[in-house]
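A.B. asks: Before anything else, here's the structure in question.
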Amino acid sequence: MSFWRNIASIAARRLDLADCTECPGGLPGEDPAFSTAVTALGAKLAKVDGRADGGEFAAFTEVFQPDPASEPNIHRLYDLARQTTHGFESYAKRLAKRYSSCPQLLEDVVDGLFHIAKSDGMVSQDELDYLERVSNLFGMSPLAFRRLRATHLGVDANDPYAILEVPPDADDATVRSAWKAALSSAHPDRARARGLPTEFIEVAEAKAASINAAFSTVMRERRELGLAAAG
């Protein structure tokens, strides 16, 4: 199933759900405003690292597959849009406003843009900044963007969520439960109870400290983002 049909089907499934009460202009794959905005965002992303070339459009069409009849027009728009990165924010805002009732659809667009960004084998910091800005304009939470980034680029070993083994957008209760379970498993007293040598106890102490630090970092970040549950 092509990306266009996939996102159209997602929107269709969510027409009866509270988070997607309507999709203006019909399904996304049939909405010219949607196609225009997504094409511009993909093209301008290709320009971010200063290496936009013909191969970028091939990557774009692999992810956002237009129907054969519209591909020539999409290609012309893409070529115009990729001349500069200026204006991408207006396209993102327009898309966010038009599909504000379909947050999953907007996340799928960012997901597709990640595929394009990494099509040349690497994702530059400028591209990451672009993707994060688009996600912000779409109204995605920083933790949802962090989850997408980890999905496409892997998780940094020092990421506190990786240490706690929970996704970045897990709720507070899940984070707290994971912290307690990890701490219980790594607690130095368990090593002592098994009669392990001092070296093993020191390793356990370091691991427990890392787990506690990860939990503290996660909860501090959530407080700063205003996402932590009250109390």
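The values are calculated or read from the model by the stated rules, or taken from the named source; none is laboratory data. As the structure is a computational prediction, the values presented were derived from the model and not from experiment. Ideal geometry is used to build each Cβ from the backbone, glycine not excepted, and the neighbour counts take in all protein chains shown. The area values use the complete protein model at the heavy-atom level, side chains included, leaving out ligands, DNA and RNA. Shrake-Rupley method; radii C 1.70, N 1.55, O 1.52, S 1.80 Å.
A.B. asks: Check whether at least one residue in the stretch 144-161 is surrounded by fewer than 17 Cβ atoms within 10 Å (Cβ to Cβ), within 30 Å of Lys97 (Cα to Cα) and at pLDDT 90 or above, and report yes or no.
C.D. replies: Among the residues of the stretch 144-161, not one is surrounded by fewer than 17 Cβ atoms within 10 Å (Cβ to Cβ), within 30 Å of Lys97 (Cα to Cα) and at pLDDT 90 or above, which makes the answer no.
A.B. asks: Look at the stretch 162-177 and say how many of its residues are open to solvent by less than 20 Å² (accessible area, probe 1.4 Å) and small (Gly, Ala, Ser).
C.D. replies: Counting residues in the stretch 162-177 that are open to solvent by less than 20 Å² (accessible area, probe 1.4 Å) and small (Gly, Ala, Ser) gives 1.
A.B. asks: So, one more: Filter the stretch 78-100 down to the residues that are in contact (Cβ under 8 Å) with a residue 40 or more places away in the chain and buried (at least 18 other Cβ atoms within 10 Å of the Cβ) and list them by number.
C.D. replies: Ala81, Thr85, Phe88, Tyr91, Ala92, Leu95, Ala96, Arg98, Tyr99
A.B. asks: Do we have any residue at all in the stretch 126-133 that's without any contact (Cβ under 8 Å) to a residue 24 or more places away in the chain and touching a Phe, Trp or Tyr at 6+ places or on another chain (Cβ under 9 Å)?
C.D. replies: Yes, the stretch 126-133 has at least one match.
A.B. asks: Follow-up. If a residue has to be of a type in the set (Gly, Ala, Ser) and not in a helix (DSSP H, G or I) to count, how many in the stretch 77-112 make the cut? Walk me through how you get there before you give the answer.
C.D. replies: Taking the stretch 77-112 and keeping what is of a type in the set (Gly, Ala, Ser), we get 81, 87, 90, 92, 96, 100-101, 112.
Cutting the leftovers down to not in a helix (DSSP H, G or I) gives us 87, 100-101.
Result for the stretch 77-112: 3.
Table: residues versus (1) part of a helix (DSSP H, G or I); (2) in the same structural domain as Tyr99 (by the TED database); (3) of a type in the set (Phe, Trp, Tyr).
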| site | (1), (2), (3) |
| --- | --- |
| Phe114 | yes, yes, yes |
| Lys118 | yes, yes, no |
| Tyr130 | yes, yes, yes |
| Arg176 | yes, no, no |
| Ser184 | yes, no, no |
| Ile201 | yes, no, no |
| Glu205 | yes, no, no |
